[in-house]
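Chemist: The following block contains the structure, expressed as structure tokens.
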Number of protein chains: 2
Amino acid sequence: MKNFLYSLFLFLIPTLIYAEDGSKLWLRYQPLSAKQVKSLSMVISSVLIEEPGDCTAITELQYAWKQLTGKELPVAASLKDYSLVIGTEKSKLIQSLGLQKELQTLGSDGFIIRTMKSKGNRITVIASKGENGLLYAVFNLLRNIQLYVPSSNILRTIQLGSSPFTFDIKEVPSYKIRILNHWDNLDGTIERGYAGHSLWKWDELPGKLSPRYKEYARANASIGINGTVLNNVNASPEILSNAYLQKVKALAEVFRPYGIHVYLSVNFSSPAALGGLSTSDPLNEGVQQWWKDKAKEIYGLIPDFGGFLVKANSEGLPGPQDFGRTHADGANMLADALKPYNGIVMWRAFVYKSSMEDRAGQAYNEFTPLDGKFRSNVILQVKNGPIDFQPREPFSPLFGAMTRTALMPEFQITQEYLGASNHLVYLAPLYKECLESDTYCSGEGSTVAWVTDGKLFPHPLTAIAGVANIGEDANWCGHQFAQANWYAFGRLAWNNELTPEVIADEWIKQTFNQQKEFVEPVKEMMLASREAAVNYMMPLGLHHLFAWGHHYGPEPWCTVPGARADWLPSYYHKADTLGIGFDRTLDTGSKAVGQYFVPLRNDYNKLKTCPEQYLLWFHHVPWKYKMKSGQTLWNELCYTYDKGVQQVRGFQKTWDKMESFVDAQRFHEVQSRLKIQSKDAVWWKDACLLYFQTFSRQPIPYDIERPVNELDSLKKIKLNLLHHN
Amino acid sequence: MKNFLYSLFLFLIPTLIYAEDGSKLWLRYQPLSAKQVKSLSMVISSVLIEEPGDCTAITELQYAWKQLTGKELPVAASLKDYSLVIGTEKSKLIQSLGLQKELQTLGSDGFIIRTMKSKGNRITVIASKGENGLLYAVFNLLRNIQLYVPSSNILRTIQLGSSPFTFDIKEVPSYKIRILNHWDNLDGTIERGYAGHSLWKWDELPGKLSPRYKEYARANASIGINGTVLNNVNASPEILSNAYLQKVKALAEVFRPYGIHVYLSVNFSSPAALGGLSTSDPLNEGVQQWWKDKAKEIYGLIPDFGGFLVKANSEGLPGPQDFGRTHADGANMLADALKPYNGIVMWRAFVYKSSMEDRAGQAYNEFTPLDGKFRSNVILQVKNGPIDFQPREPFSPLFGAMTRTALMPEFQITQEYLGASNHLVYLAPLYKECLESDTYCSGEGSTVAWVTDGKLFPHPLTAIAGVANIGEDANWCGHQFAQANWYAFGRLAWNNELTPEVIADEWIKQTFNQQKEFVEPVKEMMLASREAAVNYMMPLGLHHLFAWGHHYGPEPWCTVPGARADWLPSYYHKADTLGIGFDRTLDTGSKAVGQYFVPLRNDYNKLKTCPEQYLLWFHHVPWKYKMKSGQTLWNELCYTYDKGVQQVRGFQKTWDKMESFVDAQRFHEVQSRLKIQSKDAVWWKDACLLYFQTFSRQPIPYDIERPVNELDSLKKIKLNLLHHN
């Protein structure tokens, strides 16, 4: 108890001093007014806890209740009117309410929150199959209290119940595994990390536990995330050494009460590199045994260990093809080792080699022949688009193309290609754009969401991954608004039918405040921000115009002696005096468009029917091609870049007006980054237009604000940045 | 002749290769079309030269005629119809035309160009009292040919004659002395020079003469300039050494055929510093004799030497006050030494000391008591405003306040405070604003122009000075458009009634082309440019917010340990939480406003009647003071800075549209500098608004484009610039 108080003390002190540094994320639990507390008490007069002690859900409810109301949670010993009853199916009381059958349908994570009559009392029940469900239910309840109590004096207006003061919520997550991928290296750096070094203090582990480990787990649980891959997909074999596994065990124990399972990225050549074997050939029995032994060792330490994430035969990493084996051979060997413990293998489909073959089509060509050949505990992890987390890509054609293999989407939360921690870019619209994309694999309506969440193909495994944007910065994510992307990923992983609008609304209200004059314009800004970034970076289907290595800022002209062609922007934009864009059509191009189902294949294949947002992704288009607007392609490109700049300036105006609604620290941090974004947008516009103008040989329309940079000067910019922080 | 051809060859080669680098200034003499040549020949069929050989006017006419028409000047031996007759009063033919009496009224520089009948022939006469007049007449004729022949097939539409094909022009310059001040140091640097090092190659002189010396003289003559002060007012005594005087003599000999007299800035302590005397006390006989001997030495070498320019007891330079004498004592001593040779003394009124007394009022207080005490060959050289060449100042109250002393305005052509050679700022509106200012010294209409050009007070001496913007850059002035300021100064010195519009029109047509689609927008841009600079730098009467030392860019916050208060921006803007501006009113302020005549004194003294463009010059104004627009002062300040930024962006649009009208080199040079100006305007706006906002504590109106810089970052900018180039 003394220890608990002490660590509570340690936790509270910084949050009091730096109350609004963003460290509390969306879990700020701002105190309710007396009137609001009274409203709340009309709905929840007391709480009847049907769970034994040490239940995280209860601890969280107690903590939040105290923060919100200033009072202790009013625990009751017996049912009263307006009691809140909390329990799993094991609870006698819950059983007596006749909910058991329904609870069986909820899986381990689902829950109900329902107002019902019991022994003459009107009560609200929080019930689930297991403890995880209760945790998610409590965070759901707390979110609803925060969102709706302050803006209305009763809960009736917002809940699903048919009459006032009632709840009728039933939630089951869209994906069973909702997981973050940390690209954290063992030396503390983070590949594509923009929020400071790694949270994981490997040097201190397992002996010393940073208080942030628990906060991390708690934040994830609050939005439904239930898994974390601790280390970079470009994995060091070292992570599987016993010394590191002891450290992983320590983290797993902190995370376990919050329902977070630990996973590891593994290096395919670990048997040789770490185990001293002469090979890592997946068909070699010694190798297979090495992995089995390793699995046993891991599960001996971490009984609920989740499994492996593998990047193999990709960008120089080892893999089964090094031994003449297939990706299926490799994945299955690992799957067999994990199977006894219910562990899984997430095998990344992000593979491409330097060849004459269009990079956009390589993963499809590599993996579709293997459909049906993977073990049931293998899931292919597929990036949302066929290239690499660009500001806009069409969805990866692998989605829908492998009906007998479990597929999980991989999104990037960290903003590798979207201005790092300097640009305000709300990514829910990007995630949603992919999830809502219709693959047509089983006719109209075969969205990526349905292809992956089990609705269309009944795979036992469903999962979704997001590459984390989390570091040791006080505010976790570098940019205050980058927290929204962590939040949005979690919420969409929980419920892929949520809209970016609803998620933004939730996040803003919990993270900042409830005032309509703040929420509405800020939401509007967030919702427009991804399209703005596309506009000022890479509109109309352009992609990968980024600077070499660090990917911050434009380098459409980039040449690096000896570099792989497919790592250079010119590979993607293919600008010449005739036009611009990558011809992926069937007749004259790379034929990659053929990987999509009809009608997309036909629509994308034809210049006239290809959506303009993908135009230069699929076509090499003449500069004077007439766009739907009536403008030539060149002019449209100019106007679109300019629009992006104007949009960011608009965001600055929006945010500056919000000063009185936000604490000074967060206001100024965001204001300052918007300034950078505004300057960067001009940089992008000038760089791309001035460079492409050397091909188009046409003036930038004269009603557009003129470039303020010289192409030659822009070409000289070499930022002192690495690909990791 | 061989030498001449050789030097012609040397001159032509670069102008052919770099035909449009701006080196030809406004003297490009673009070839006329065959049709245009025919038109011209209808007005001038042949030329009858009534002057002996070696007349510069004739040489220039011959050269230009060849350039324009591709043919030799059609010299005639006798009068024919449409002959052009050129001669001074000495010519028998001119005398026979009855022009002698009229020529006597023209002074040394005036001329007539008149179409008249003689012996049955309709002829046009160019006549003057002396050779200089002929030179100015020829340049006038050539200007008119260039301006009007291409745009009309006869001269009738544009000339002053009453019938077609006739001239009736009579011109006498506004000022007798039209002089450039070069702030060129003997080491080749130029104080406040932005166009490369000094034209004067002191190391090579007198033995080697750069071909540019003659080009310099020719360019000046073409716009009526007839004097040049070769060295910096912060003068080295060394300039008066015999070795340097030999160099000066060599330059004077190159300039003489173009009517340019040479003057020197002298250091007041030269007798001690150079002559080895124990004092430089102006009342000391030895000192007086030293100056007399020096004058004799100079005139022995340069019989038409113009005189001395003196900066004394100013910014640390020596002067008569060092010996307890007055400025009059000092000036008169020098005047006495020069008098026998008709030399003059230009004594600068730019004096101020570090004291509690408002710097703006010090020159007036120092000099007005000395009115009437100066010799007749002394002229006080007064900067246009009371501080120092700011983007906008009210006129100096010395104008009109000294009726018994000759006063000459000093303008700055070089852009010390106006963006150096990076900003396009056409200065004719600034010069004209001062010249047209009504001092009310002799009632309404007592303009600075009339006060100084002899119309109001009949001083024997009239003069006007411009601090040159000329250096060894190929285009002479750094910025192609800075040439316009040299041109405009010359033209206004010749005729202070010309408008900025007319001058800009002349300059554009000669420097670029005649096409209306080019001339009109470019002229509009030029005419707006000075006000734009005021807007983005120092609107509403703000002044001297410049960076320390080099004066490029904003430093309203500037503090330098141990610096004189009056060299720091805060001395001038006096921003505090109540308001901003320098209170120079009679009741509560420095009383400097009292130096102006009624009604200005009263108008400026009262907040309500003070013109808003001088508001913060004369008043410390509350942030919430309501301006004529209805806006508060703070908002007005914000909108005005923003307007300046938008104006420069507008200039970029204007110029970019002109690409097809201009040679590539000059187009891109100007385009490139406009980009810098555009970025600088944002820098100015952000720096001033963010800094002043720390006092106003009010938001920048939200409809204005937001700052993109951080005040703290701006404060860290320290450009690696000196006060000389």
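All of the numbers you see were taken from the coordinates with simple rules; none came from a lab. Everything quoted here is computed from the prediction, not taken from an experiment. Here the Cβ positions follow ideal geometry from the backbone for every residue, glycine too, while neighbour counts run over all protein chains shown.
Chemist: Viscosity 0.890 mPa s, temperature 25 °C: what is the translational diffusion coefficient of region A:543-586 from Stokes-Einstein with a Kirkwood Rh over Cα pairs, rounded to a whole number of µm²/s? Could the numbers behind the result be given before it?
Modeler: Numbers: Rh = 11.0 Å.
Translational D for this selection: 222 µm²/s.
Chemist: I'm checking a number: the convex hull volume of the Cα atoms of region A:424-534, normalised per residue, in Å³. What is it? Write down the numbers at each step before the final one.
Modeler: Numbers: hull volume 12.7 nm³, N = 111.
Cα-based convex hull of region A:424-534, divided per residue, equals 114 Å³.
Chemist: Next question, about the same structure. Using all Cα-Cα distances in region A:360-450, what percent lands in each 10 angstrom bin from 0 up to the longest?
Modeler: 17, 45, 29, 9, 1
Chemist: So, one more: What does the copy distance list look like for residue A:501, label position 7 Å along Cα→Cβ, in nm and ordered from shortest?
Modeler: 5.5
Chemist: Follow-up question, since we're still on this one. Two-decimal Rg/Rh of region B:504-650 from alpha-carbon positions, Kirkwood Rh?
Modeler: My calculation of the ratio gives 1.06.
Chemist: Based solely on C-alpha atoms, express the radius of gyration and the Dmax of region B:291-369 in angstrom.
Modeler: Just the Cα atoms of region B:291-369 yield Rg and Dmax of 14.5, 47 Å.
Chemist: Viscosity 1.567 mPa s, temperature 4 °C: give me the Stokes-Einstein translational D for region A:207-258 in µm²/s, with Rh taken as the Kirkwood radius over C-alpha pairs.
Modeler: On the way: Rh = 12.0 Å.
The calculation lands on 108 µm²/s.
Chemist: May I pose another question? For region A:196-339, compute the orientation-averaged projected area of the C-alpha convex hull (one quarter of its surface), in nm².
Modeler: Working: hull surface 35.9 nm².
The Cα convex hull of region A:196-339, projected and averaged over all directions, gives 9.0 nm².
Chemist: Would you mind getting me the FRET efficiency between residue A:499 and residue B:516? Use the beta-carbon distance for r and R0 = 60 Å, nearest 0.05. Please report the intermediate quantities before stating the final value.
Modeler: Working: r = 56 Å, r/R0 = 0.94.
Calculated transfer efficiency: 0.60.
Chemist: Say a label goes 7 Å from Cα toward Cβ at residue B:276 in every copy; what distances in nm does this one have to the rest, shortest first?
Modeler: Its label point is 9.6 nm from the equivalent points in the other copies.
Chemist: Can you grab the distance from the C-alpha centre of region B:579-620 to the C-alpha centre of region B:540-568, Å, no decimals?
Modeler: 22
Chemist: Then there's this: Against the 2.2 N^0.38 Å scaling, with N counting residues, where does region A:645-687 land? I'd like the Cα-based Rg ratio to two decimal places.
Modeler: Working: Rg = 11.2 Å, N = 43, 2.2 N^0.38 = 9.2 Å.
Dividing the Cα radius of gyration by 2.2 N^0.38 Å gives 1.22.
Chemist: Still on this structure: Long-range amide H contacts for residue A:181: which residues qualify at under 5 Å (H placed 1.01 Å from N, peptide plane, sequence gap of 5 or more or a different chain)?
Modeler: A:229, A:466, A:467, A:468
Chemist: Once phi is turned into θ = phi - 60°, what whole-Hz ³J(HN,Hα) does the Karplus curve with 6.51, -1.76 and 1.60 give for every residue of region B:422-431, x standing for Gly and Pro?
Modeler: Taking θ as phi minus 60°, the curve returns 9, 9, 7, 9, 7, 8, 3, x, 5, 4 Hz for region B:422-431.
Chemist: Then there's this: Can you pull the three principal axis extents for the Cα set of chain A, in Å, largest first?
Modeler: 80, 66, 50
Chemist: Which value in nm describes the separation of the simple spin-label points at residue B:703 and residue B:342, placed 7 Å from the Cα toward the beta carbon?
Modeler: Label at residue B:703, label at residue B:342, 6.4 nm between them.
Chemist: If amide H atoms are built 1.01 Å from N in the plane of the peptide, which residues on other chains or at least 5 residues away come under 5 Å of the amide H of residue A:439?
Modeler: A:446, A:447, A:448
Chemist: Set the bar at 25 Å for Cα to Cα. Now go through B:129/B:247; B:80/B:509; A:201/A:679; B:574/B:624; B:296/B:353; A:679/A:718 and name every pair that lies beyond it.
Modeler: Working: B:129/B:247 31 Å; B:80/B:509 32 Å; A:201/A:679 35 Å; B:574/B:624 16 Å; B:296/B:353 34 Å; A:679/A:718 16 Å.
Exceeds cut-off: B:129/B:247; B:80/B:509; A:201/A:679; B:296/B:353.
Chemist: As a check on your grasp of the helix formula, calculate [θ] at 222 nm for the protein assembly as shown: sum -39500 (n - 2.57) over DSSP H runs of n ≥ 4, divide by the residue count, round to the nearest 500. Numbers along the way, then the final one.
Modeler: Working: 46 runs with 548 residues, N = 1450.
The helix contribution divided over the protein assembly as shown gives -11500 deg cm²/dmol.
Chemist: Kindly provide the Kirkwood hydrodynamic radius of the protein assembly as shown in Å, to one decimal, from all pairs of distinct alpha carbon atoms.
Modeler: For the protein assembly as shown, the Kirkwood estimate is 37.8 Å.
Chemist: What residues of region A:521-557 lie in the reach of a label at residue A:570, counting those whose backbone N is under 17 Å from a point 7 Å from the Cα along Cα→Cβ?
Modeler: Once the point is set 7 Å along Cα→Cβ of residue A:570, A:543-549, A:555-557 turn out to lie under 17 Å by backbone N, inside region A:521-557.
Chemist: Another question, then. Residue A:304 versus residue A:548, label points 7 Å from Cα toward the beta carbon: distance in nm?
Modeler: Each label point lies 7 Å from its Cα, and together they span 4.8 nm.
Chemist: List the distances, in nm to one decimal, from the label point of residue A:37 to the label points of the same position in every other copy, shortest first, placing each label point 7 Å from Cα along the Cα-to-Cβ direction.
Modeler: Label-point distances to the other copies, shortest first: 10.0 nm.
Chemist: Note down the magnitude of the dipole of chain A about its Cα centre, charges +1 on Lys and Arg C-beta and -1 on Asp and Glu C-beta and zero elsewhere, to the nearest 20 debye.
Modeler: On the way: 75 positive and 73 negative charges, 276 e Å.
Computed about the Cα centre, the dipole is about 1320 debye.
Chemist: Another question about this same structure. Can you give me the convex hull volume of the Cα atoms of region A:363-414, divided per residue and expressed in Å³? Provide the component values of the computation, followed by the final result.
Modeler: Values: hull volume 3.7 nm³, N = 52.
Measuring per residue, one finds 72 Å³ for the Cα hull of region A:363-414.
Chemist: If you don't mind, another one. Would you calculate the separation in nanometres between label points at residue A:34 and residue B:79, each defined as 7 Å from the Cα along the Cα-to-beta-carbon direction?
Modeler: Modelled inter-label distance: 11.3 nm.
Chemist: For region B:506-578, which semi-axes, largest first and in whole Å, follow from the square roots of 5 times the eigenvalues of its Cα gyration tensor?
Modeler: On the way: eigenvalues 288, 39, 11 Å².
The three semi-axes for region B:506-578 are 38, 14, 7 Å.
Chemist: Moving on. So for region B:246-308, considering every pair of alpha-carbon atoms, how many percent are separated by more than 13 Å? All intermediate terms of the calculation are to be shown ahead of the outcome.
Modeler: Details: 1249 of 1953 pairs.
Counting pairs separated by more than 13 Å, the tail of P(r) holds 64 percent.
Chemist: Another question, then. So what are the radius of gyration and Dmax for the Cα set of region B:177-511, in Å?
Modeler: Every Cα atom of region B:177-511 included, Rg and Dmax give 18.8, 57 Å.
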